[in-house]
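Just below is one structure, and these are the notes that go with it.
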């Protein structure tokens with residue numbers, strides 16, 4: 001645990017292994033909203049990425065996992081400052097690669113717009129920047145979740161369909177959302193307009209499922225950013241990280257290698 005931006009934050013750091021450099025790249029994993037936590041990265045990407053010679057930092061967002069749950073303070077800007085404070089408090093002072101899943105990617109985009117010199121690249125997994133369109137969808141989704149979690153028929157269906165563990169996590173998420181100002185504050189952003197999107201100059205890899213939340217326009221994120229590549233995982237819904245983590249890992253490792261490749265003319269000098 002560490003104090004970051006006024007709250008006790010649970011984080012884990014896996015140092016780079018099998019590396020030949022004193023300054024390996026650093027990947028910071030930012031999980032999604034609701035019943036997600038750093039466990040989604042710990043169980044999928046963190047260990048193999050660390051074994052590949054990359055420093056890995058994962059943490060629980062405010063109100064998630066073992067991190068404190070304040071009653072208020074849930075604008076995207078608050079999550080951005082939490083990340084900034086975490087990096088400062090843990091001594092991660094060089095630019096990093098941000099890997100954001102769902103809402104974690106939204107945080108990553110806003111962080112890169114606010115602190116461009118601290119981001120080498122973004123890998124966004126089923127994630128969108130905090131635009132006005134995103135805010136409308138997010139507000140509707142969060143309101144629906146509150147209604148669903150108060151409906152015992154919905155909870156019973158979740159347990160029958162996905163099992164007791166998923167139903168338990170859904171109840172926890174519903175209680176967390178109902179007990180805080182997340183529903184009201186998250187869609188407030190602050191939101192990124194077209195000019196702010198153009199200020200996100202770092203390279204971006206957008207990984208989306210063909211049947212996920214961006215199915216209507218799989219390249220919308222790439223179209224709005226100066227430097228973005230889209231990788232579509234066919235037949236996959238929003239749960240890309242969990243259900244296709246091996247594919248995501250391969251894409252991530254190839255991306256980091258590309259970002260740190262020595263130009264041919266320099267290597268030959």
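Kindly indicate whether residue 204 is within 27 Å of residue 220 (Cβ to Cβ), surrounded by 13 or more Cβ atoms within 10 Å (Cβ to Cβ), touching a helix residue (DSSP H, G or I) at 6+ places or on another chain (Cβ under 9 Å) and modelled with pLDDT under 70.
It is false that residue 204 is within 27 Å of residue 220 (Cβ to Cβ), surrounded by 13 or more Cβ atoms within 10 Å (Cβ to Cβ), touching a helix residue (DSSP H, G or I) at 6+ places or on another chain (Cβ under 9 Å) and modelled with pLDDT under 70.
Looking only at region 111-128, filter to residues that are touching a strand residue (DSSP E or B) at 6+ places or on another chain (Cβ under 8 Å) and assigned to a helix (DSSP H, G or I); which one of those is surrounded by the most Cβ atoms within 10 Å (Cβ to Cβ)?
Only one residue tops the list, namely 111.
Could you check residue 100 against (1) in contact with a helix residue (DSSP H, G or I) (Cβ under 8 Å, 6 or more places away or on another chain); (2) assigned to a helix (DSSP H, G or I); (3) modelled with pLDDT of 95 or more and say which number it fails?
Among (1) in contact with a helix residue (DSSP H, G or I) (Cβ under 8 Å, 6 or more places away or on another chain); (2) assigned to a helix (DSSP H, G or I); (3) modelled with pLDDT of 95 or more, residue 100 violates only (2).
Could you count how many residues in region 27-69 are in a strand (DSSP E or B), without any contact (Cβ under 8 Å) to a residue 60 or more places away in the chain and closer than 26 Å to residue 141 by Cα?
Final tally of qualifying residues: 2.
Which ones in region 6-24 are outside any strand (DSSP E or B) and either on the phi > 0 side of the Ramachandran plot or more than 18 Å from the chain's Cα centre (by Cα) (or both)?
If the condition is that a residue be outside any strand (DSSP E or B) and either on the phi > 0 side of the Ramachandran plot or more than 18 Å from the chain's Cα centre (by Cα) (or both), then 6, 15, 16, 17, 18, 19, 20, 21, 22, 23, 24 are the ones that fit.
Among the numbered criteria (1) free of Cβ contacts under 8 Å to residues at least 40 places away in the same chain; (2) out of contact with any helix residue (DSSP H, G or I) (no Cβ under 8 Å at 6 or more places or on another chain), which one does residue 115 miss?
Status for residue 115: all satisfied but (2).
From the list 108, 77, which residue is in a helix (DSSP H, G or I), touching a strand residue (DSSP E or B) at 6+ places or on another chain (Cβ under 8 Å) and at pLDDT 95 or above?
Numbers: 77 fails: touching a strand residue (DSSP E or B) at 6+ places or on another chain (Cβ under 8 Å).
Matching residue, one of 108, 77: 108.
I'd like the residue in region 77-91 that is under 15 Å from residue 109 (Cβ atoms) and free of Cβ contacts under 8 Å to residues at least 60 places away in the same chain and, out of all such residues, is surrounded by the most Cβ atoms within 10 Å (Cβ to Cβ).
83
Restricting attention to region 239-255, does a residue exist that is at pLDDT below 95 and in a loop (DSSP other than H, G, I, E, B)?
Yes; the residues of region 239-255 include at least one that is at pLDDT below 95 and in a loop (DSSP other than H, G, I, E, B).
Select from region 238-252 the residues that are in contact with a helix residue (DSSP H, G or I) (Cβ under 7 Å, 6 or more places away or on another chain) and surrounded by 15 or more Cβ atoms within 10 Å (Cβ to Cβ) and list them in ascending order.
Listed by number, the residues that qualify are 240, 241, 245, 248, 249, 252.
The values are calculated or read from the model by the stated rules, or taken from the named source; none is laboratory data. Note that the structure is a prediction, hence the values are computed from the model and not measured. Reconstructed Cβ throughout: ideal geometry from the backbone, glycine too, with neighbour counts over all protein chains shown.
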